[in-house]
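This report refers to the structure that appears directly beneath it.
The values are calculated or read from the model by the stated rules, or taken from the named source; none is laboratory data. If you're wondering where the values come from, they're calculated on a predicted model, not measured in any experiment. Note: ideal-geometry Cβ built from the backbone for every residue, glycine included; neighbour counts use all protein chains shown.
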Amino acid sequence: MLKIQTPYRISKSLLHSFLLENGFDNKFSFKQKVYYNYLRPILPIGVRQKLQEKVNSKIIWKKNFIDDTLLSVLMRDRCSNETITKLKYKNDKKCVIVLTHDVEEQQGFDFIPQVIELEEKYGFKSSWNIVPYKYKIDDGRINFIKQNGHEIGIHGYNHDGKLYYSEKIFNERVPYINEAIKRYGAVGFRSPQVHRNLGWLQKLNIDYDASCFDYDPFQPFPGGTGSIWPFIAGKFVELPYTLPQDHTMFYVLQQKNISIWKNKADWVAKNRGVILLITHPDYLREKNYFNMYEELLKYFKTIDCAWYCLPRELASWWKKQ
């Protein structure tokens, strides 16, 4: 059995149990098997996005996702105010800000330098999760990322959605993923589509995984861990993301401003959590999204007493605690 160590008291509530059951691993339904095995490989990305929008339009608890009602209930059930107010991070910081990127396509990989230039304008470093067996990975760009103090992570195998289709498929891909981890000097991993099975992931040579989330109803396997803090999952540290993904903001909720991001970041900071964001350079290069991301970076700089760090730095610090 996978050993989970959390910094809070585990509740027995039905709500918490539901999130835990849906948070740590996923099981493919028959429809999902048909989709990932036969339909997804032949559907253009625009068609896939339209299908996602149709599915997500049926979610009736969007409001809870935005105003954190659900997560607030969880936190009251598992953490006392005294526990939260005593929580401090490196150098006595009261919250953490971590920027991560999932690079899904070649055009996203090619756009990395522009995003790095923007982030460094505001004093940020970030991690770049690359798909090792899908597009052309230029070693010069990898060196550029590292030399500028940013981090390389591994984003699955080839992003076909089948990594967790069966344990047999997962095991067949493990050696190749571990090879990529070694080649690119990565210590972290995130699964495509944030599919996850923390038990199977113990086979990867990583210090942390970032495939979980506090809660997110818009993913293929929703639910969540109910945690805005890292926790120990077996041999590695799990770093849940806590802000809506850019895809959710731009395409699902069709936001024209960053108020949802700002409100959630304020709430996480108030509760001394980790503000961990996933964006994709593939999307940031489109429309006005790059400007919205810059606005968010500006806002992050106004958050008081925050530790800006890379995921590998947070994982290392957390494990030592």
* Asked: Any residue at all in the range 230-248 that is surrounded by fewer than 22 Cβ atoms within 10 Å (Cβ to Cβ), polar (S, T, N, Q), at pLDDT 90 or above and in contact with a strand residue (DSSP E or B) (Cβ under 8 Å, 6 or more places away or on another chain)?
  -> yes
* Asked: Has the range 95-112 got at least one residue that is buried (at least 18 other Cβ atoms within 10 Å of the Cβ), within 22 Å of the chain's Cα centre (by Cα), small (Gly, Ala, Ser) and in a helix (DSSP H, G or I)?
  -> yes
* Structure fact -> Considering the range 179-204, residues that are farther than 20 Å from residue 145 by Cα and assigned to a helix (DSSP H, G or I), and then whichever is farthest from the chain's Cα centre (by Cα), we arrive at 203
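So that you can scan it fast, the table gives a plain yes or no per residue for (1) free of Cβ contacts under 8 Å to residues at least 12 places away in the same chain; (2) of a type in the set (Val, Ile, Thr):
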residue	(1), (2)
107	no, no
125	no, no
144	no, no
147	yes, no
168	yes, no
174	no, yes
181	no, yes
191	no, no
197	no, no
* Asked: Just one of 194, 174 is of a type in the set (Val, Ile, Thr) and either loosely packed, with under 14 Cβ neighbours inside 10 Å or touching a helix residue (DSSP H, G or I) at 6+ places or on another chain (Cβ under 7 Å) (or both); which is it?
  -> 174
* From 140, 156, which residue is in a loop (DSSP other than H, G, I, E, B) and either at pLDDT 95 or above or over 20 Å from the mean Cα position of the chain (by Cα) (or both)? -> 156
* **Check on residue 165, assigned to a loop (DSSP other than H, G, I, E, B) and at pLDDT 95 or above** => no
* **Residues that are at pLDDT below 95 and either under 20 Å from residue 125 (Cβ atoms) or outside any helix (DSSP H, G or I) (or both), drawn from the range 266-284** => 268, 269, 271, 272, 273
